[in-house]
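Q: Sharing a structure here in structure tokens format.
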Amino acid sequence: MPSRARMAGTERPAARDHETMDHPLRSLIEERLREAEEAGAFENLPGAGKPLPDLREAPDPLMAHLTADGPVKFPVTVLREGIEASKRRLATLTDEEARKSEMKNLADLQMRLAMELESLVRYG
């Protein structure tokens, strides 16, 4: 017996696997790749036959990849580096006032990182 949703015409079609979904430019992309292959664009490439570098070895692969070629650092990266530096400083401090000050600095950095990550999640 058909479901109520099917009978009412409100049943959603079954979700397709992302690999089987057709991209509007798929045929154009495949054509350009085929043309490039026929023209020999993929022959004698540097590193041919070697495995791709394993970006998963980095603590944050995306950030490591994005910042590898230049001095540009994202706010999240700067904050994470600041947090690590603050933790290292805190481990060396023995004076109570200096430790309190560094703990306040660390808490501030952690809060700013949380806010930055929240902003990224919400607004991209």
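The values are calculated or read from the model by the stated rules, or taken from the named source; none is laboratory data. Remember, predicted model here, so these are calculated numbers, not experimental data. Virtual Cβ from ideal backbone geometry, glycine too; neighbours counted across all protein chains shown.
Q: If you go through the range 95-121 one residue at a time, how many are loosely packed, with under 11 Cβ neighbours inside 10 Å and among the aliphatic types (A, V, I, L, M)?
A: Counting residues in the range 95-121 that are loosely packed, with under 11 Cβ neighbours inside 10 Å and among the aliphatic types (A, V, I, L, M) gives 1.
Q: Given the condition under 20 Å from the mean Cα position of the chain (by Cα), over 30 Å from E118 (Cα atoms), at pLDDT 70 or above and assigned to a loop (DSSP other than H, G, I, E, B), answer yes or no: does some residue in the range 64-79 qualify?
A: No, the conditions are met nowhere in the range 64-79.
Q: What number of residues within the range 28-59 are in a loop (DSSP other than H, G, I, E, B) and either at pLDDT 70 or above or over 30 Å from M115 (Cβ atoms) (or both)?
A: Selection size over the range 28-59: 16.
Q: Restricting attention to the range 11-27, which residues are among the basic types (K, R) and modelled with pLDDT under 55?
A: R12, R16 - these are the residues of the range 11-27 that are among the basic types (K, R) and modelled with pLDDT under 55.
Q: Return the residues of the range 80-114 that are out of contact with any helix residue (DSSP H, G or I) (no Cβ under 6 Å at 6 or more places or on another chain) and not in a helix (DSSP H, G or I); say none if nothing qualifies.
A: Correct list: T94, D95.
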